[in-house]
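The structure appears below as structure tokens.
The values are calculated or read from the model by the stated rules, or taken from the named source; none is laboratory data. Because the structure is a prediction, the values reported are computed rather than measured. Cβ coordinates were reconstructed from backbone atoms using ideal geometry, including for glycine residues, and neighbour counts include every protein chain displayed. These accessible areas exclude ligands, DNA and RNA; they are computed on the full protein's heavy atoms, side chains included. Shrake-Rupley method; radii C 1.70, N 1.55, O 1.52, S 1.80 Å.
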Amino acid sequence: MIRKEKALYWSGQISEYRKSGETLVTWCEKNDVKIHTMKYWLRKQSPVLKNPETAWVSCVVEEPVSDTIMLRIKNVEIEVMSGFQDELLLKVLRTLDQL
């Protein structure tokens, strides 16, 4: 077989393999094709980008600003955020103290 004929033959084999939906190993066993030969032709027939462009993206990572404190009283955790209501927190703390 000359080079073009081989390329055409293996192009057909690759097409059949892809259509089958089978794993490479299963397809090769069923079709009496050496797996290493099939892998060679899969690589050879795959398009290769000579100079792929690299796209860089700017990314800014900001640390989250936390305006909260965590109170642990007995087995209860309370997250207090900025702008909380003083009297409500006081009531909650008193209730927890009574438990």
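Observations on the structure shown:
- Test: residue in segment 69-80 that is touching a Ser or Thr at 6+ places or on another chain (Cβ under 7 Å) and not in a helix (DSSP H, G or I): yes
- Residue count, segment 17-35 (criterion: surrounded by 10 or more Cβ atoms within 10 Å (Cβ to Cβ) and in a helix (DSSP H, G or I)): 11
- Residue match in segment 36-48 (condition: over 30 Å from ALA7 (Cβ atoms) and part of a helix (DSSP H, G or I)): no
- Complete set of residues in segment 38-94 that are open to solvent by 100 Å² or more (accessible area, probe 1.4 Å), among the basic types (Lys, Arg) and modelled with pLDDT of 85 or more: ARG43, LYS44, LYS91
- So ILE14, is it touching a Cys at 6+ places or on another chain (Cβ under 9 Å), modelled with pLDDT of 85 or more and surrounded by 12 or more Cβ atoms within 10 Å (Cβ to Cβ): no
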